[in-house]
Amino acid sequence: MMAAGIPVRIKICGMRRMEDIEAVNAVRPDYAGFVFDSTRKRYIPFERARELAEHLDPFIEPVGVFVNVAVSHVLEGCHLAGIRTVQLHGQETNEYIEDLRRQADFPLRIIQAIRIEKREDVQRAEKSRADLILLDSGKGGTGTAFEWSLVKSAKRPFILAGGLGPDNVQAAIGAVHPAGVDASSSLETEGFKDPEKIRRFCEAVRSAE
């Protein structure tokens, strides 16, 4: 749960084009996500992510999204893409997280995404050894929300994801008081990031605070 007076952090995921970078630079969210899972439509290679991340406003932290891959692959991606914050979006265990942190030869920030279907999932998320947890409805990027009431009792700060957009993010913040919010597909038009939707989303989050 978000502490009173602390701004809600904003994460925009699925950066693929220079136009996407220009759109987020205009409104300066806290995080910009790059998807490194080749099974997803927003996937980009590490080298392309580095090219895009180099043009990010320094205020915005680039995040690499990985799904069920070897620790060595995550670390290789961090080096090639120039990324120091990763989001684990599979079934990674606490042992995996500790191994990843131990093997990293640089300061690494870890976000773990947890699929929420029942209250027990929230309890499992609270035991994560990641620096920050992200509570989602599924695989990510699907535009589907889950029952927000499930996370009202969460005992540690979390990023809320799943089906959030300009028209409902204020209601979500008011309902569960997350530390951050994450959006991707809802900020697109015809499969590509829409600068106006990104602007409206960020404004909605900030005015809710």
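The values are calculated or read from the model by the stated rules, or taken from the named source; none is laboratory data. Only a predicted model underlies this, so the values are computations on that prediction, with no experimental measurement involved. Counting neighbours? That spans all protein chains shown, and the Cβs are built from the backbone with ideal geometry, glycine included. All accessible areas refer to the heavy atoms of the entire protein, side chains included, with ligands and DNA or RNA removed. Shrake-Rupley method; radii C 1.70, N 1.55, O 1.52, S 1.80 Å.
A few remarks follow.
- Given charges at beta-carbon only (K, R positive; D, E negative), |dipole| of the chain in Debye: 400 debye
- Whole-Hz couplings from phi, Karplus 6.51/-1.76/1.60, listed for segment 19-28; x for Gly and Pro: 4, 5, 5, 4, 5, 6, 4, 5, 10, 6
- Solvent-accessible area, 1.4 Å probe, carbon plus sulfur percent, for the chain: 50 percent
- Residues in segment 116-132 carry Karplus couplings, in order, of 10, 10, 8, 4, 4, 5, 5, 4, 5, 4, 5, 8, 4, 8, 5, 5, 8 Hz; the curve used is 6.51 cos²θ - 1.76 cosθ + 1.60 with θ = phi - 60°, and Gly or Pro positions show x.
- What separates the Cα centres of segment 184-201 and segment 20-78 is a distance of 17 Å.
- Rolling a 1.4 Å probe over the protein heavy atoms gives segment 95-209 an accessible area of 47 Å² per residue.
- Using the 1.4 Å probe convention, the accessible area of segment 1-75 works out to 45 Å² per residue with neighbouring protein chains retained.
- Subset of LYS41/LYS155; LYS41/LYS152; LYS155/LYS193; LYS11/LYS155; LYS127/LYS193 violating a 25 Å alpha-carbon distance limit: LYS41/LYS155; LYS41/LYS152; LYS155/LYS193; LYS127/LYS193
- Dividing the convex hull volume of the alpha-carbon atoms in segment 53-127 by its residue count gives 105 Å³ per residue.
- Using alpha carbons only: equivalent-ellipsoid semi-axes of the chain, gyration tensor based, whole Å: 23, 22, 15
- Cleavage-rule hits (chymotrypsin sites (Phe, Trp or Tyr not before Pro)) in segment 1-74: DSSP loop, at most 16 neighbouring Cβ within 10 angstrom: PHE59
- Rounded to the nearest Hz, the phi-derived 3J(HN,Hα) couplings of segment 91-100 under the Karplus curve 6.51 cos²θ - 1.76 cosθ + 1.60 (θ = phi - 60°) are 10, 5, 8, 5, 5, 4, 4, 5, 5, 4, where x marks glycine and proline.
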